[in-house]
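Inspection log for the structure reproduced underneath, given as structure tokens.
The values are calculated or read from the model by the stated rules, or taken from the named source; none is laboratory data. As the structure is a computational prediction, the values presented were derived from the model and not from experiment. Here the Cβ positions follow ideal geometry from the backbone for every residue, glycine too, while neighbour counts run over all protein chains shown.
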Amino acid sequence: MDKEDLIYGIYGLTNLAYILLMARMFRRQIRRQQCTVKTAGVRYTLFSLIFGLVGGGTLLSAYDFLRLGYGHGEVIIFIVMLAVLTSCVIIFIGRMLISWTKIRW
């Protein structure tokens with residue numbers, strides 16, 4: 001297992017934990033009627049965008065800390081694209097979990 005694999009594995013596990021914890025927190029606020037589904041979705045989206053940008057910066061600093069090469073800059077472009085795409089996926093999954101309703105027969 002390379003150092004790069006370790007970095008991306010930790011990044012993926014951190015994102016999974018973020019999705020589950022934040023969606024649970026906002027779901028609890030909806031159940032307690034502290035906010036509506038719409039406001040919870042908007043707040044979740046903003047937090048996820050910020051988390052994605054911070055996560056991309058963390059990946060760059062991890063590359064720097066472990067003294068891995070950036071190549072000709074393609075790693076930097078990849079990390080930025082990965083952070084943006086990961087944010088989009090986090091938003092999509094989280095908003096589905098927040099607005100989830102049980103099927104009633």
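Does any residue of the range 78-88 turn out to be surrounded by 14 or more Cβ atoms within 10 Å (Cβ to Cβ), at negative phi, of a type in the set (Val, Ile, Thr) and within 9 Å of the chain's Cα centre (by Cα)? Checked against the condition, which is being surrounded by 14 or more Cβ atoms within 10 Å (Cβ to Cβ), at negative phi, of a type in the set (Val, Ile, Thr) and within 9 Å of the chain's Cα centre (by Cα), the range 78-88 yields at least one hit. The set of residues in the range 54-67 being of a type outside the set (Phe, Trp, Tyr), surrounded by fewer than 14 Cβ atoms within 10 Å (Cβ to Cβ) and in a helix (DSSP H, G or I) consists of Val54, Gly57, Ser61, Asp64. Contact map, the range 51-72: residues that are closer than 11 Å to Lys3 by Cβ paired with residues that are surrounded by 11 or more Cβ atoms within 10 Å (Cβ to Cβ) and among the acidic types (Asp, Glu), Cβ distance under 8 Å, separation 6+ or inter-chain. Pairs shown: Leu68/Glu4.
Among the residues of the range 68-77, those identified as part of a helix (DSSP H, G or I) and surrounded by 11 or more Cβ atoms within 10 Å (Cβ to Cβ) are Val75, Ile76, Ile77.
Among the listed residues Gly9, Gly41, identify the single one that is surrounded by 11 or more Cβ atoms within 10 Å (Cβ to Cβ), under 23 Å from Val80 (Cα atoms) and either under 15 Å from the mean Cα position of the chain (by Cα) or among the polar types (S, T, N, Q) (or both).
Matching residue, one of Gly9, Gly41: Gly9.
Residues in the range 39-61 that are of a type in the set (A, V, I, L, M) and touching a Phe, Trp or Tyr at 6+ places or on another chain (Cβ under 8 Å): 2 in all.
Among the residues of the range 43-69, the one identified as at pLDDT below 85 and of a type in the set (Lys, Arg) is Arg67.
The combined condition, being surrounded by fewer than 13 Cβ atoms within 10 Å (Cβ to Cβ), part of a helix (DSSP H, G or I) and at negative phi, is not fulfilled by Leu49. Out of all the residues in the range 81-100, which are of a type in the set (S, T, N, Q) and under 16 Å from Leu16 (Cβ atoms)? Scanning the range 81-100 gives Thr86, Ser87.
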